[in-house]
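Novice: Input: one structure, supplied below.
The values are calculated or read from the model by the stated rules, or taken from the named source; none is laboratory data. Everything quoted here is computed from the prediction, not taken from an experiment. Reconstructed Cβ throughout: ideal geometry from the backbone, glycine too, with neighbour counts over all protein chains shown. To get the accessible areas, we keep the full protein, side chains included, count just its heavy atoms, and leave off ligands, DNA and RNA. Shrake-Rupley method; radii C 1.70, N 1.55, O 1.52, S 1.80 Å.
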Amino acid sequence: MLEILFVLGFFFMLMLTGISLLGMVAALIVAFAFMMLGGFLAIVIKMLPWLVLAVVAVWIYRTFIKPDQPKYRRRRLP
């Protein structure tokens, strides 16, 4: 939500200062790209502890609980 408000404020400030329409579009595209990359980085930082926890849980599960060997073998076709 804050990203949308930032882009709208950016657009109106450029309009008030008299920048050309092409300059406004280019500036909006660059601002959008930076905000999108910043949002992706924030999501990765927020999710990183949970991803590490999932990796540790799978590692512990595989270390202490070995999967049973299959009781049958798949028949190979000639």
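Novice: Can you give me the % of accessible surface on region 10-54 that is carbon or sulfur? Probe 1.4 Å, all protein chains present, nothing else counted.
Specialist: Ligands and nucleic acids excluded, carbon and sulfur reach 90 percent.
Novice: Let me ask something else about it. To the nearest 10 square angstrom, how much accessible area does VAL25 have with a 1.4 angstrom probe?
Specialist: Only protein atoms counted, so the area is about 70 Å².
Novice: Could you go through region 55-66 in sequence order and give the Karplus-derived ³J(HN,Hα) for each residue, using 6.51 cos²θ - 1.76 cosθ + 1.60 with θ = phi - 60°, rounded to whole Hz, and x for Gly and Pro?
Specialist: So the J values, rounded to whole Hz, are 5, 5, 4, 5, 4, 5, 4, 6, 6, 9, 10, 7.
Novice: Kindly report the accessible area of region 25-67 per residue (heavy atoms of protein chains, probe 1.4 Å, no ligands, DNA or RNA), in Å².
Specialist: So region 25-67 comes to 90 Å² accessible per residue, rounded to a whole number.
Novice: Can you pull the one-decimal nm distance between simple spin-label points at ALA42 and ILE29, each 7 Å off the Cα toward Cβ?
Specialist: Each label point lies 7 Å from its Cα, and together they span 2.5 nm.
Novice: Oh, and also: In whole Hz, with x marking every Gly and Pro, tabulate ³J(HN,Hα) for region 38-50 from phi via Karplus 6.51 cos²θ - 1.76 cosθ + 1.60, θ = phi - 60°.
Specialist: Along region 38-50, the couplings run x, x, 4, 5, 5, 5, 5, 5, 5, 8, 4, x, 5 Hz.
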